[in-house]
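The values are calculated or read from the model by the stated rules, or taken from the named source; none is laboratory data. Just so it is clear, the structure is predicted and the values come from calculations on it, not from any experiment. In this analysis, Cβ positions are derived from the backbone assuming ideal geometry, glycine residues included, and neighbour counts consider all displayed protein chains.
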Amino acid sequence: MLKIVVAGAGVVGRRHIALIQQNPRVRLCAVVDPSPAAGAVAAANGVPLFDSLSDFFSLSGMKPHGVIVATPNNQHVRGAFECLQHFTPALIEKPLADNFDDVVALRAALQFRAVPVLVGHHRRHSASLIEAQRVIASGELGRIVSVNSSALFCKPDSYFSEGLWRKQAGGGPLLINLIHEIDNIRFLCGSSCGEIVAVQAMASNAVRGFEVEDSAAITLRFENGSLGSLILSDAAAAPRSWEQTSGEDPAYARYPDQDSCFVAGTLGSIAIPTLQRWQVQGEGSWNEAMRSDKVITTAADPLVRQLEHFCDVVEGRCPPKVTVDDAARSLSVTLAIIKAVQTGGTVTPVDVRHNKVEAKTQTRLGATKRTLTQVRADALPMTELEAPDEP
Ligand SMILES: NC(=O)c1ccc[n+]([C@@H]2O[C@H](COP(=O)([O-])OP(=O)(O)OC[C@H]3O[C@@H](n4cnc5c(N)ncnc54)[C@H](O)[C@@H]3O)[C@@H](O)[C@H]2O)c1
(Lines give C-alpha, C1' and ligand atoms only; values in the text may rest on other atoms or scores of the structure.)
Protein backbone atom coordinates (compact mmCIF):
# COMPACT_ATOMS: atom_id res chain seq x y z
CA MET A 1 0.00 0.00 0.00
CA LEU A 2 1.33 3.45 -0.93
CA LYS A 3 1.88 5.89 1.95
CA ILE A 4 0.65 9.39 1.09
CA VAL A 5 1.02 12.70 2.94
CA VAL A 6 -1.52 15.48 2.41
CA ALA A 7 -0.16 19.02 2.87
CA GLY A 8 -2.98 21.54 3.32
CA ALA A 9 -6.06 20.23 5.10
CA GLY A 10 -8.48 22.85 3.78
CA VAL A 11 -11.48 22.30 1.54
CA VAL A 12 -9.60 20.50 -1.23
CA GLY A 13 -7.08 18.75 1.06
CA ARG A 14 -9.93 17.18 3.03
CA ARG A 15 -11.44 15.95 -0.24
CA HIS A 16 -8.11 14.32 -1.13
CA ILE A 17 -7.99 12.72 2.33
CA ALA A 18 -11.51 11.31 1.90
CA LEU A 19 -10.53 9.84 -1.50
CA ILE A 20 -7.38 8.29 0.00
CA GLN A 21 -9.48 6.65 2.74
CA GLN A 22 -11.70 5.07 0.07
CA ASN A 23 -8.87 3.77 -2.11
CA PRO A 24 -7.30 0.40 -1.22
CA ARG A 25 -4.06 1.25 -3.05
CA VAL A 26 -3.14 4.10 -0.68
CA ARG A 27 -2.89 4.91 3.01
CA LEU A 28 -2.77 8.38 4.58
CA CYS A 29 0.36 8.56 6.73
CA ALA A 30 0.39 12.21 7.90
CA VAL A 31 -1.28 15.59 7.55
CA VAL A 32 0.75 18.79 7.19
CA ASP A 33 -0.96 22.09 8.00
CA PRO A 34 -0.04 24.92 10.40
CA SER A 35 -3.63 25.97 11.16
CA PRO A 36 -5.23 25.00 14.52
CA ALA A 37 -8.20 23.47 12.67
CA ALA A 38 -5.96 20.84 11.09
CA GLY A 39 -5.52 19.04 14.42
CA ALA A 40 -9.07 17.73 14.24
CA VAL A 41 -8.55 16.50 10.67
CA ALA A 42 -5.40 14.59 11.61
CA ALA A 43 -7.03 13.14 14.75
CA ALA A 44 -10.15 12.06 12.86
CA ASN A 45 -7.93 10.16 10.43
CA GLY A 46 -5.62 8.73 13.09
CA VAL A 47 -2.41 10.22 11.67
CA PRO A 48 0.22 12.63 13.02
CA LEU A 49 0.12 16.34 12.20
CA PHE A 50 3.09 18.49 11.20
CA ASP A 51 3.30 22.27 10.78
CA SER A 52 5.29 22.17 7.57
CA LEU A 53 6.59 19.70 4.98
CA SER A 54 10.07 20.59 6.12
CA ASP A 55 9.16 19.50 9.68
CA PHE A 56 7.54 16.35 8.34
CA PHE A 57 10.61 15.28 6.38
CA SER A 58 13.06 16.12 9.15
CA LEU A 59 11.09 14.91 12.20
CA SER A 60 8.72 12.11 11.19
CA GLY A 61 11.27 9.49 10.21
CA MET A 62 8.75 8.40 7.55
CA LYS A 63 9.52 7.87 3.89
CA PRO A 64 6.22 8.43 2.07
CA HIS A 65 5.63 7.25 -1.50
CA GLY A 66 3.94 10.52 -2.46
CA VAL A 67 2.78 13.93 -1.24
CA ILE A 68 -0.39 15.76 -2.25
CA VAL A 69 0.15 19.53 -1.99
CA ALA A 70 -3.22 21.27 -1.48
CA THR A 71 -1.93 24.46 0.11
CA PRO A 72 -2.74 28.03 -1.03
CA ASN A 73 -1.44 28.87 -4.51
CA ASN A 74 1.58 30.84 -3.29
CA GLN A 75 2.81 27.76 -1.38
CA HIS A 76 2.63 25.24 -4.24
CA VAL A 77 6.15 25.54 -5.60
CA ARG A 78 7.62 25.68 -2.11
CA GLY A 79 5.87 22.35 -1.41
CA ALA A 80 7.15 20.91 -4.67
CA PHE A 81 10.73 21.88 -3.73
CA GLU A 82 10.42 20.06 -0.39
CA CYS A 83 9.29 16.94 -2.26
CA LEU A 84 12.12 17.16 -4.79
CA GLN A 85 14.58 17.67 -1.97
CA HIS A 86 13.49 14.30 -0.56
CA PHE A 87 13.02 12.49 -3.89
CA THR A 88 9.29 12.12 -3.25
CA PRO A 89 6.74 12.22 -6.10
CA ALA A 90 4.19 15.04 -5.73
CA LEU A 91 0.68 15.89 -6.84
CA ILE A 92 0.48 19.70 -6.77
CA GLU A 93 -2.94 21.36 -6.85
CA LYS A 94 -3.68 23.80 -9.65
CA PRO A 95 -2.66 26.49 -10.44
CA LEU A 96 0.94 25.32 -10.49
CA ALA A 97 2.03 28.67 -8.99
CA ASP A 98 0.79 32.21 -8.51
CA ASN A 99 3.60 33.71 -10.58
CA PHE A 100 5.98 32.74 -13.33
CA ASP A 101 9.29 33.13 -11.54
CA ASP A 102 8.41 30.22 -9.24
CA VAL A 103 7.67 28.10 -12.29
CA VAL A 104 11.03 28.91 -13.85
CA ALA A 105 12.77 27.93 -10.59
CA LEU A 106 10.82 24.67 -10.33
CA ARG A 107 11.56 23.78 -13.93
CA ALA A 108 15.24 24.37 -13.34
CA ALA A 109 15.22 22.20 -10.22
CA LEU A 110 13.48 19.38 -12.07
CA GLN A 111 16.41 19.16 -14.44
CA PHE A 112 18.48 17.98 -11.50
CA ARG A 113 15.94 15.76 -9.79
CA ALA A 114 14.12 13.19 -11.90
CA VAL A 115 11.18 13.10 -9.50
CA PRO A 116 7.69 12.96 -11.01
CA VAL A 117 5.45 15.98 -10.39
CA LEU A 118 1.79 15.74 -11.42
CA VAL A 119 -0.27 18.95 -11.47
CA GLY A 120 -3.86 18.68 -10.23
CA HIS A 121 -5.79 19.89 -13.27
CA HIS A 122 -8.24 17.15 -12.39
CA ARG A 123 -10.62 17.77 -15.30
CA ARG A 124 -7.96 16.13 -17.50
CA HIS A 125 -9.19 12.86 -15.98
CA SER A 126 -12.81 13.57 -16.95
CA ALA A 127 -14.23 10.80 -19.16
CA SER A 128 -16.24 13.19 -21.34
CA LEU A 129 -13.34 15.60 -21.83
CA ILE A 130 -11.00 12.74 -22.75
CA GLU A 131 -13.53 11.34 -25.23
CA ALA A 132 -14.11 14.77 -26.81
CA GLN A 133 -10.36 15.25 -27.13
CA ARG A 134 -10.10 11.84 -28.82
CA VAL A 135 -12.79 12.77 -31.37
CA ILE A 136 -11.13 16.14 -32.12
CA ALA A 137 -7.64 14.63 -32.39
CA SER A 138 -8.87 11.80 -34.66
CA GLY A 139 -9.48 14.32 -37.45
CA GLU A 140 -13.07 13.22 -38.03
CA LEU A 141 -14.25 16.83 -37.53
CA GLY A 142 -11.80 18.00 -40.19
CA ARG A 143 -9.55 20.99 -39.59
CA ILE A 144 -10.59 22.67 -36.35
CA VAL A 145 -12.01 26.14 -37.08
CA SER A 146 -13.08 27.37 -33.65
CA VAL A 147 -13.69 26.61 -30.00
CA ASN A 148 -16.33 28.45 -28.03
CA SER A 149 -16.41 28.04 -24.28
CA SER A 150 -18.75 29.35 -21.63
CA ALA A 151 -18.17 29.67 -17.89
CA LEU A 152 -21.39 31.36 -16.84
CA PHE A 153 -22.50 30.76 -13.26
CA CYS A 154 -23.91 32.67 -10.33
CA LYS A 155 -21.94 32.82 -7.08
CA PRO A 156 -24.33 33.47 -4.17
CA ASP A 157 -24.14 36.67 -2.06
CA SER A 158 -22.80 34.62 0.88
CA TYR A 159 -19.69 33.79 -1.20
CA PHE A 160 -18.77 37.48 -1.06
CA SER A 161 -19.94 38.27 2.47
CA GLU A 162 -17.94 35.31 3.89
CA GLY A 163 -14.75 36.38 2.09
CA LEU A 164 -14.54 40.13 1.62
CA TRP A 165 -11.24 39.72 -0.31
CA ARG A 166 -13.35 38.26 -3.12
CA LYS A 167 -14.77 41.74 -3.80
CA GLN A 168 -11.30 43.18 -4.28
CA ALA A 169 -8.74 42.94 -7.08
CA GLY A 170 -7.44 39.36 -7.32
CA GLY A 171 -10.59 37.78 -5.90
CA GLY A 172 -12.56 37.55 -9.12
CA PRO A 173 -13.22 34.88 -11.72
CA LEU A 174 -10.16 35.81 -13.82
CA LEU A 175 -7.86 34.58 -11.06
CA ILE A 176 -10.02 31.90 -9.49
CA ASN A 177 -11.94 30.20 -12.30
CA LEU A 178 -10.32 31.03 -15.63
CA ILE A 179 -7.36 28.65 -15.49
CA HIS A 180 -9.70 25.63 -15.48
CA GLU A 181 -11.31 26.78 -18.72
CA ILE A 182 -7.98 27.56 -20.36
CA ASP A 183 -6.63 24.15 -19.43
CA ASN A 184 -9.77 22.48 -20.86
CA ILE A 185 -9.42 24.36 -24.14
CA ARG A 186 -5.70 23.61 -24.44
CA PHE A 187 -6.33 19.93 -23.73
CA LEU A 188 -9.19 19.67 -26.23
CA CYS A 189 -7.58 21.54 -29.11
CA GLY A 190 -3.83 21.39 -28.44
CA SER A 191 -3.00 18.32 -30.51
CA SER A 192 -5.00 19.68 -33.49
CA CYS A 193 -4.36 23.43 -33.26
CA GLY A 194 -1.11 23.79 -31.32
CA GLU A 195 -0.70 26.16 -28.41
CA ILE A 196 -2.62 29.39 -27.76
CA VAL A 197 -0.25 32.07 -29.09
CA ALA A 198 -2.24 35.31 -28.74
CA VAL A 199 -5.04 36.57 -26.50
CA GLN A 200 -7.26 39.64 -26.21
CA ALA A 201 -9.72 40.31 -23.39
CA MET A 202 -12.13 42.76 -21.79
CA ALA A 203 -13.43 42.63 -18.24
CA SER A 204 -16.35 44.37 -16.55
CA ASN A 205 -17.61 44.97 -13.01
CA ALA A 206 -20.86 46.53 -14.20
CA VAL A 207 -23.20 43.93 -12.68
CA ARG A 208 -21.99 43.58 -9.09
CA GLY A 209 -20.19 46.92 -8.92
CA PHE A 210 -17.32 45.51 -6.85
CA GLU A 211 -13.69 46.58 -7.32
CA VAL A 212 -13.02 43.20 -8.91
CA GLU A 213 -14.41 42.11 -12.28
CA ASP A 214 -17.55 39.98 -12.38
CA SER A 215 -17.39 39.17 -16.10
CA ALA A 216 -14.90 38.87 -18.92
CA ALA A 217 -14.92 38.22 -22.67
CA ILE A 218 -11.80 36.65 -24.17
CA THR A 219 -10.56 35.82 -27.65
CA LEU A 220 -7.78 33.33 -28.42
CA ARG A 221 -5.63 32.46 -31.42
CA PHE A 222 -3.92 29.09 -31.79
CA GLU A 223 -0.61 28.32 -33.50
CA ASN A 224 -2.40 27.00 -36.62
CA GLY A 225 -4.62 30.10 -36.94
CA SER A 226 -7.76 28.56 -35.40
CA LEU A 227 -9.69 30.91 -33.13
CA GLY A 228 -11.42 30.60 -29.78
CA SER A 229 -13.72 32.63 -27.58
CA LEU A 230 -14.58 32.37 -23.93
CA ILE A 231 -17.26 34.17 -21.94
CA LEU A 232 -16.85 34.16 -18.18
CA SER A 233 -19.10 35.54 -15.45
CA ASP A 234 -19.83 34.79 -11.81
CA ALA A 235 -22.99 36.95 -11.89
CA ALA A 236 -24.98 35.11 -14.57
CA ALA A 237 -27.94 32.90 -13.71
CA ALA A 238 -27.09 30.44 -16.47
CA PRO A 239 -26.51 26.69 -16.68
CA ARG A 240 -23.57 26.89 -19.07
CA SER A 241 -20.47 26.19 -17.04
CA TRP A 242 -18.38 23.04 -16.73
CA GLU A 243 -19.42 22.68 -13.10
CA GLN A 244 -23.15 22.71 -13.92
CA THR A 245 -23.05 20.66 -17.11
CA SER A 246 -20.55 17.89 -16.34
CA GLY A 247 -22.16 16.76 -13.08
CA GLU A 248 -18.72 15.76 -11.84
CA ASP A 249 -18.98 17.66 -8.55
CA PRO A 250 -22.23 17.06 -6.63
CA ALA A 251 -21.81 20.44 -4.89
CA TYR A 252 -23.20 22.15 -8.01
CA ALA A 253 -26.69 22.04 -9.50
CA ARG A 254 -26.65 20.01 -12.72
CA TYR A 255 -28.20 20.66 -16.14
CA PRO A 256 -27.30 17.48 -18.05
CA ASP A 257 -28.81 18.58 -21.38
CA GLN A 258 -26.68 21.74 -21.52
CA ASP A 259 -23.17 22.23 -22.88
CA SER A 260 -20.36 24.56 -21.86
CA CYS A 261 -18.04 24.10 -24.82
CA PHE A 262 -18.42 23.73 -28.58
CA VAL A 263 -15.65 22.78 -30.99
CA ALA A 264 -16.26 23.18 -34.73
CA GLY A 265 -14.23 21.82 -37.63
CA THR A 266 -14.57 21.86 -41.42
CA LEU A 267 -16.26 18.41 -41.43
CA GLY A 268 -18.18 18.43 -38.17
CA SER A 269 -18.51 19.67 -34.64
CA ILE A 270 -18.98 18.45 -31.08
CA ALA A 271 -20.69 19.86 -27.99
CA ILE A 272 -19.13 19.18 -24.59
CA PRO A 273 -19.86 17.59 -22.18
CA THR A 274 -23.01 16.08 -23.75
CA LEU A 275 -20.80 14.81 -26.63
CA GLN A 276 -23.50 15.54 -29.20
CA ARG A 277 -21.70 15.32 -32.54
CA TRP A 278 -22.57 16.61 -36.02
CA GLN A 279 -20.88 15.48 -39.24
CA VAL A 280 -21.31 16.57 -42.86
CA GLN A 281 -22.79 14.16 -45.39
CA GLY A 282 -21.20 14.61 -48.78
CA GLU A 283 -20.03 18.14 -49.44
CA GLY A 284 -20.25 20.45 -46.43
CA SER A 285 -23.04 22.98 -46.97
CA TRP A 286 -25.46 24.85 -44.74
CA ASN A 287 -28.20 23.79 -47.16
CA GLU A 288 -27.73 20.11 -46.33
CA ALA A 289 -28.59 18.55 -42.98
CA MET A 290 -25.69 17.03 -41.11
CA ARG A 291 -26.02 13.65 -39.44
CA SER A 292 -25.96 13.84 -35.69
CA ASP A 293 -25.28 11.33 -32.93
CA LYS A 294 -24.05 11.17 -29.38
CA VAL A 295 -20.65 9.78 -28.46
CA ILE A 296 -21.07 7.33 -25.61
CA THR A 297 -18.83 7.40 -22.58
CA THR A 298 -18.96 6.14 -19.01
CA ALA A 299 -18.93 8.83 -16.34
CA ALA A 300 -16.40 8.58 -13.51
CA ASP A 301 -15.28 10.97 -10.78
CA PRO A 302 -12.16 12.67 -12.21
CA LEU A 303 -10.71 13.15 -8.72
CA VAL A 304 -10.90 9.39 -8.12
CA ARG A 305 -9.24 8.79 -11.47
CA GLN A 306 -6.60 11.42 -10.73
CA LEU A 307 -5.65 9.60 -7.52
CA GLU A 308 -5.45 6.27 -9.41
CA HIS A 309 -3.21 7.98 -11.94
CA PHE A 310 -1.02 9.44 -9.19
CA CYS A 311 -0.60 5.89 -7.80
CA ASP A 312 0.48 4.72 -11.26
CA VAL A 313 2.94 7.61 -11.47
CA VAL A 314 4.35 6.86 -8.01
CA GLU A 315 4.77 3.19 -8.96
CA GLY A 316 6.60 4.24 -12.13
CA ARG A 317 3.95 2.77 -14.44
CA CYS A 318 3.49 5.98 -16.45
CA PRO A 319 4.63 9.60 -16.59
CA PRO A 320 2.37 12.36 -15.19
CA LYS A 321 -0.52 13.24 -17.52
CA VAL A 322 -0.25 16.90 -16.53
CA THR A 323 3.41 17.87 -16.30
CA VAL A 324 4.94 21.05 -14.90
CA ASP A 325 5.54 22.37 -18.44
CA ASP A 326 1.98 21.64 -19.47
CA ALA A 327 0.48 23.32 -16.39
CA ALA A 328 2.92 26.22 -16.82
CA ARG A 329 1.45 26.85 -20.26
CA SER A 330 -2.10 27.03 -18.87
CA LEU A 331 -0.80 29.44 -16.24
CA SER A 332 1.00 31.59 -18.82
CA VAL A 333 -2.13 31.87 -21.01
CA THR A 334 -4.15 32.86 -17.92
CA LEU A 335 -1.57 35.49 -16.95
CA ALA A 336 -1.52 36.76 -20.53
CA ILE A 337 -5.31 37.22 -20.46
CA ILE A 338 -5.04 39.25 -17.25
CA LYS A 339 -2.37 41.39 -18.88
CA ALA A 340 -4.58 41.81 -21.96
CA VAL A 341 -7.40 43.10 -19.73
CA GLN A 342 -5.01 45.58 -18.11
CA THR A 343 -3.42 46.82 -21.35
CA GLY A 344 -6.27 46.46 -23.81
CA GLY A 345 -3.81 44.92 -26.26
CA THR A 346 -3.01 41.58 -27.82
CA VAL A 347 -0.70 39.55 -25.57
CA THR A 348 1.53 36.58 -26.42
CA PRO A 349 1.70 34.04 -23.55
CA VAL A 350 5.20 33.37 -22.25
CA ASP A 351 6.69 30.04 -23.29
CA VAL A 352 8.46 28.82 -20.16
CA ARG A 353 10.67 26.53 -22.24
CA HIS A 354 12.20 29.37 -24.21
CA ASN A 355 11.98 32.70 -22.48
CA LYS A 356 13.11 33.11 -18.90
CA VAL A 357 13.73 36.86 -19.15
CA GLU A 358 10.24 37.61 -20.40
CA ALA A 359 8.82 35.44 -17.64
CA LYS A 360 9.95 37.95 -15.04
CA THR A 361 7.73 40.61 -16.58
CA GLN A 362 4.55 38.56 -16.21
CA THR A 363 1.77 39.69 -13.90
CA ARG A 364 1.75 37.91 -10.56
CA LEU A 365 -1.30 35.81 -9.72
CA GLY A 366 -2.46 37.34 -6.45
CA ALA A 367 -1.26 40.49 -4.76
CA THR A 368 1.58 39.15 -2.55
CA LYS A 369 4.88 40.96 -3.14
CA ARG A 370 8.05 39.00 -2.46
CA THR A 371 11.52 38.42 -3.72
CA LEU A 372 11.95 35.02 -5.27
CA THR A 373 15.00 32.84 -5.48
CA GLN A 374 16.20 33.03 -9.05
CA VAL A 375 17.54 29.66 -10.04
CA ARG A 376 19.43 29.22 -13.27
CA ALA A 377 19.04 25.80 -14.80
CA ASP A 378 22.74 25.51 -15.55
CA ALA A 379 23.88 26.66 -12.10
CA LEU A 380 21.91 24.56 -9.66
CA PRO A 381 24.04 22.17 -7.64
CA MET A 382 22.24 19.04 -6.44
CA THR A 383 22.97 19.91 -2.83
CA GLU A 384 21.61 23.43 -2.95
CA LEU A 385 18.00 23.03 -3.93
CA GLU A 386 16.31 26.02 -2.37
CA ALA A 387 12.62 26.66 -2.09
CA PRO A 388 11.25 30.08 -2.99
CA ASP A 389 11.20 32.51 -0.06
CA GLU A 390 8.37 32.50 2.46
CA PRO A 391 5.64 34.93 1.39
N1 LIG B 1 -8.75 21.06 -8.44
C2 LIG B 1 -9.75 21.90 -8.16
O3 LIG B 1 -10.81 21.92 -8.78
C4 LIG B 1 -9.60 22.89 -7.05
C5 LIG B 1 -10.72 23.46 -6.47
C6 LIG B 1 -10.54 24.38 -5.44
C7 LIG B 1 -9.26 24.71 -5.02
N8 LIG B 1 -8.18 24.14 -5.63
C9 LIG B 1 -6.81 24.47 -5.22
O10 LIG B 1 -6.50 23.80 -4.00
C11 LIG B 1 -5.67 24.61 -3.19
C12 LIG B 1 -6.29 24.73 -1.81
O13 LIG B 1 -7.55 25.32 -1.93
P14 LIG B 1 -8.60 25.24 -0.73
O15 LIG B 1 -9.86 25.79 -1.26
O16 LIG B 1 -8.58 23.88 -0.14
O17 LIG B 1 -7.96 26.28 0.28
P18 LIG B 1 -8.15 26.32 1.86
O19 LIG B 1 -7.82 27.72 2.27
O20 LIG B 1 -9.48 25.77 2.25
O21 LIG B 1 -7.04 25.30 2.42
C22 LIG B 1 -5.66 25.56 2.38
C23 LIG B 1 -5.04 24.91 3.62
O24 LIG B 1 -3.63 24.94 3.49
C25 LIG B 1 -3.09 25.24 4.77
N26 LIG B 1 -1.75 25.78 4.60
C27 LIG B 1 -1.34 27.05 4.38
N28 LIG B 1 -0.01 27.10 4.22
C29 LIG B 1 0.44 25.83 4.35
C30 LIG B 1 1.72 25.22 4.28
N31 LIG B 1 2.82 25.94 4.02
N32 LIG B 1 1.82 23.88 4.46
C33 LIG B 1 0.73 23.13 4.70
N34 LIG B 1 -0.51 23.65 4.78
C35 LIG B 1 -0.65 24.97 4.59
C36 LIG B 1 -4.07 26.22 5.37
O37 LIG B 1 -3.96 26.27 6.79
C38 LIG B 1 -5.40 25.63 4.92
O39 LIG B 1 -5.90 24.69 5.85
C40 LIG B 1 -5.55 25.95 -3.93
O41 LIG B 1 -4.35 25.96 -4.64
C42 LIG B 1 -6.69 25.94 -4.90
O43 LIG B 1 -6.42 26.68 -6.08
C44 LIG B 1 -8.32 23.21 -6.60
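Key figures
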read-out	value
The range 37-51 residues that are touching a residue at least 24 places away in the same chain (Cβ under 8 Å), paired with ones that are surrounded by 13 or more Cβ atoms within 10 Å (Cβ to Cβ) and part of a loop (DSSP other than H, G, I, E, B) (beta carbon under 7 Å, 6 or more apart)	38/9; 41/9; 42/48
Which listed residue is touching a helix residue (DSSP H, G or I) at 6+ places or on another chain (Cβ under 9 Å), at pLDDT below 95, closer than 15 Å to residue 337 by Cα and surrounded by 15 or more Cβ atoms within 10 Å (Cβ to Cβ), from 218, 176	176
Every pair of residues 6+ apart whose Cβ atoms lie under 8 Å, when the first sits in the range 63-91 and is on the phi > 0 side of the Ramachandran plot and free of Cβ contacts under 8 Å to residues at least 40 places away in the same chain while the second is more than 10 Å from the ligand (Cβ to nearest atom) and not small (Gly, Ala, Ser)	87/113; 87/115
Complete set of residues in the range 305-337 that are over 14 Å from residue 92 (Cβ atoms) and of a type in the set (Lys, Arg)	305, 317, 329
Any hit, the range 73-84, residues being within 16 Å of the ligand (Cβ to nearest atom), surrounded by fewer than 23 Cβ atoms within 10 Å (Cβ to Cβ), among the aliphatic types (A, V, I, L, M) and at pLDDT 95 or above	yes
Residue among 195, 213 that alone is touching a Pro at 6+ places or on another chain (Cβ under 8 Å) and more than 17 Å from residue 173 (Cβ to Cβ)	195
Scope the range 10-36; condition assigned to a loop (DSSP other than H, G, I, E, B), in contact (Cβ under 8 Å) with a residue 60 or more places away in the chain and near the ligand (Cβ under 8 Å from one of its atoms); matching residues	10
Hits in the range 1-32 - residues which are more than 22 Å from residue 121 (Cβ to Cβ) and loosely packed, with under 15 Cβ neighbours inside 10 Å	1, 21, 24
Residue match in the range 60-69 (condition: surrounded by fewer than 21 Cβ atoms within 10 Å (Cβ to Cβ), closer than 12 Å to residue 4 by Cβ and within 24 Å of the chain's Cα centre (by Cα))	yes
Among (1) out of contact with any strand residue (DSSP E or B) (no Cβ under 9 Å at 6 or more places or on another chain); (2) buried (at least 16 other Cβ atoms within 10 Å of the Cβ); (3) closer than 21 Å to residue 238 by Cα, the one test that residue 187 misses	(3)
Residue 98 being of a type in the set (Asp, Glu), surrounded by 20 or more Cβ atoms within 10 Å (Cβ to Cβ) and more than 8 Å from the ligand (Cβ to nearest atom)	yes
The range 251-309, residues that are out of contact with any Asp or Glu (no Cβ under 8 Å at 6 or more places or on another chain), buried (at least 19 other Cβ atoms within 10 Å of the Cβ) and in a loop (DSSP other than H, G, I, E, B)	259, 260
